[in-house]
Amino acid sequence: MISVVPQPEPADFDAKVRQPGNAWLAGRGIAMYAPLPKGTDPHPYWRECLDELHRSHGGICAYLAVYIERATGAASVDHFVAKSALAGNTYEWSNYRLACLAMNARKRAFDDVLDPFALPPDVFHLELVTGRIYVNPGLTKNQLGIDAQATIDRLKLDSGVNREMRARHFDEYLMQDCSAGLLARYSPFVWAELQRQGAI
């Protein structure tokens, strides 16, 4: 996981998502500054901006830090502040994070995941050969380190399949099956750790 730079709201976002979404909420008497009533399933107008969200963030999952192929349908809009927690954020661009389906499903409405938009540098480290992700040892005893470990645990960032993926990306780079530019584009966390560790 690496920090993500927020991107400007698309010019047509208000017309395509915010206005119809807020009208949907208002039509049901749902207060903007309160949680969604239990059992409410808001209309998914946010899907109208998924192409723009994918494009503006270079297709990189905000949590797993790998490229999501749009054609596979594996990209999704994560509401960082859960829809159930605050109705008014349901149709707000600033609340959206591009996420692969696995990460979105694991995060759900939990609020113990660090926000990629507010993530300081050098919080997560990587064993390049094994693909193991871990918290910067200098942070383990402070709140940021505790929150970082909770993020790893909640999203299962250190699962076997994720370790294997990161180790494979590193191995492909070592074997020259993958250029530096391609690695930076498709696996930016691995690329960032190569640079931090002086392995390039």
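The values are calculated or read from the model by the stated rules, or taken from the named source; none is laboratory data. All values reported here derive from a predicted model rather than from experimental measurement. When we count neighbours, we look across all protein chains shown, and the Cβ atoms used for this are built from the backbone with ideal geometry, even at glycine.
So the values come out like this:
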| read-out | value |
| --- | --- |
| Conditions (1) surrounded by fewer than 15 Cβ atoms within 10 Å (Cβ to Cβ); (2) of a type outside the set (Lys, Arg); (3) modelled with pLDDT of 95 or more: number failed by Ala199 | (3) |
| Hey, Ala62 of a type in the set (Gly, Ala, Ser), within 30 Å of Leu128 (Cα to Cα), buried (at least 19 other Cβ atoms within 10 Å of the Cβ) and modelled with pLDDT of 95 or more or not | yes |
| When residues of region 123-158 are limited to those that are assigned to a helix (DSSP H, G or I) and of a type in the set (S, T, N, Q), the one surrounded by the most Cβ atoms within 10 Å (Cβ to Cβ) | Thr151 |
| Out of Leu119, Leu114, Leu183, Leu144, sole residue that is more than 23 Å from Glu69 (Cα to Cα), among the aliphatic types (A, V, I, L, M) and over 17 Å from the mean Cα position of the chain (by Cα) | Leu144 |
| Yes/no for Pro35 being more than 18 Å from Leu101 (Cα to Cα), assigned to a loop (DSSP other than H, G, I, E, B), touching a Cys at 6+ places or on another chain (Cβ under 9 Å) and in contact (Cβ under 8 Å) with a residue 40 or more places away in the chain | no |
